Each structure stands twice: as structure tokens, then as C-alpha cells.
Amino acid sequence: MLSIELFIQAMESLESKALHVRPLQCSRLRHQLSKCRLCVTCCPTGAISWGEPNIDADKCIYCGICATVCPNGVFEANTPSNEVLLQKIAAGLQHQRHIIFACSKYQQELDITSINHNIVTVPCLGRIDESILVGSISLSAEAVGLADAFCRHCDLKSGWSIVQQTAVIASNMLGMFGISERIYFLAKTPILGKKEGKVTVPASDLSKRYSRRDFFKALTQGTTRATVLAASSLINNDENTGKAEIRKSGLPFYLPLKRKLLLHSIKKLGRPTCAAMNADNLPFYQLKIDASCTGCGMCAYFCPTSALKKIDKAEKVAITFQLSSCTKCNLCQEICYQGSISAAPEINPDKLLNDKYGLLFAGIPIIKEPGEISWGK
């Protein structure tokens, strides 16, 4: 069995211009009770393995799938980065109101280099996470196509299932704002107009997943969503955007860039149209802590994103929670020795947007001080 130090070094060997790696964000490295295996099960080449932990940098093809499935930002793709993708999307939307994502194989087979401004090429469709799909809509895209014509017969089979799941997650996110049927799959090859630089989507594909009524309604409303936004406006200008912060305990915490982009994107969509949303197929959930909690704070101590915080005042303890920072990694539930933490079946979309910490657990009431959270009855 490799030591933690050696495994961290092995993970860091994947660091390159194409992939940024933050080993200490990994749930498995933070706590031995973590059951997360997403990067292992989804890696199409077997470059990452647990059991006898191993990282084989020679097998890595930098498809970006690990960056999509990892909830905690252990891996973040750089070629292209999410920022670059959003910039390409914003540029393409100046020509047409729909965007098509295609893999590099799609590009090679159909020779679409340098044409069709609204075809964005990535190494694999599995590289596309929900922040890109939702971000496309917030940048005024009226339809987002995923060209999966080659996915069924591709060697990177996990990519197809991952992008299908991502499309469901993104659609559910948009559904919170009353936006429906904007994401579709292109089972057939679009007709490429090389001279005009345009793409014609087969009507059979578009009509199944996209409402023409919604399309023309959106075009005539003149809402904020119909305005082309600078991609940089989706990114927090904080100087520490790409850096992990360090707790007093020494453990780092970091909110993945894809989550920051997703939060900025949904804030561009207006106000939620529903008071509650089923938490299934969403990238976060509302946590609950029952009375069996001892206030040990281990959930907050090991949380990779600082969605949970332990607050000590006058020898009293409270646990607070921020919905927007929860990446659904499950680490808090897995390590709680009392089994006190669970997930609620629904979330409140308004809490997702307000960025505030709410009280989950309080031992004994504490007097509120100016500008601070009060807890207890």
C-alpha cells in the first residue's frame, strides 16, 4: 500500500498544462472512511486506481472526465479551461443563438476546423460539466446541442454516460428558473455550411427536445438572458479565485471553479420560480443534523469546500451550513460516527442564491453579537 505522501506525489504527476491537480481536496486522502471512487470508475483509460492506490500518468489522455465527475475540484481541466470555453461560447453567440458541443473525433471526422463559430470542440463530451451548459444559457444561448453521433461507438465509453447525466443535472438547474427544453442531443450529424459558416440542426433532433414556442418567446422578450454577457462577468474577480485557503488546523479547503461559475451563471437567470426542488440529480443538497450530534465538528473539519463550519463561542458549539458550497461529496455523512447527518429530499432555491450560512446544530443558546449568527431557541 502506498503511503499518503507517495500517493499525493503520484497524483501531482498528472499536473500539466492540460490538467491542474489538488490532491488534498480528495475525499479519500482527507479521511479513510470516504467511499468516493468517481475518478476511478469514470476514468476511461484506468489511469487512476484505488485498492492498491496507483496513478499512471502515462495512461492519462487528458480527456477531462475526472474534472467533470470530481465534486471537490481535485482535477480541473486547463485545455480548454472553463473560462476559455465560456469565452468561445460568448463569441459564437454573436453569430447564432444556439451552441453545439462536439468532441475532437467529431471535428476530425467531419473536418469542421475554423468553420461554424457556434461549434465548440472539447477532447470528450464527458468534459462538459453543468457550469458550462447552464453558463451557455446565461450567456443568451437559446439552445445547447451535444453532438453525440460518435459517442455510442467511442472507446471513451464513460464520456457518453457522464454527459447524459450532466445534461439532466443542468436541465434540472434551469428548471428552477422556469427554463425548459433548452438542452438536446444531436443523434444525427448537423448539416455544415462551410461558405456561410452556419449549422443547420436536423428538425427531427431539435423538435424532440426543444420547444419552438419557448424559442421565439425568448427572442422577443428582450430579457437579461437574451443579452450577450462577457464571459468574464461569470467569474468572481477575487484574487484568490484559483487558490485553496488553509484552515487553522492545516487542512485546505477550496470551492471548485466550476461551482463558482455555476453560481454566477444561475444568478444571471433571475429569481427561482419554485419554492422547493427535488434534490435528486442536483449537484448539492440541504443537510440536516439530528439531536444525536455531539458537536465534535469533524464534519466541518474535513469538509473540502467549507460548506460546513464549526463555531465556538464561550465553550459552546454550533454547526452552520452553506448550501451553495455543498458539492454533494457525502464525506460529512460518511465520517460522522453518530450518524447524525442526513440529506433533505428537497432544497430551497432561494437559499442557493443568498450565499448565507444557516444554523444546522446548536448545543446551548448563545447571545448574539453584532453582525454574527445567533443560534438556539
(Q) I'd like to compare 31-44, 14-27: which one has the highest average count of other Cβ atoms within 10 Å, and what's the full order after that? (A) 14-27, 31-44
Q: Sort S161, S324 from largest to smallest accessible area, using a 1.4 Å probe on the heavy atoms of the protein chains.
A: S161, S324
Q) How much net charge surrounds N78 when only other residues with a Cβ under 11 Å from its Cβ are counted (Lys, Arg +1; Asp, Glu -1)? A) -2
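The values are calculated or read from the model by the stated rules, or taken from the named source; none is laboratory data. Source: prediction; values computed, not measured. No Cβ is skipped: glycine too gets one built from the backbone with ideal geometry, and neighbour counts run over all protein chains shown. Each accessible area value is taken on the protein alone, full model and side chains, heavy atoms only, with ligands, DNA and RNA left out. Shrake-Rupley method; radii C 1.70, N 1.55, O 1.52, S 1.80 Å.
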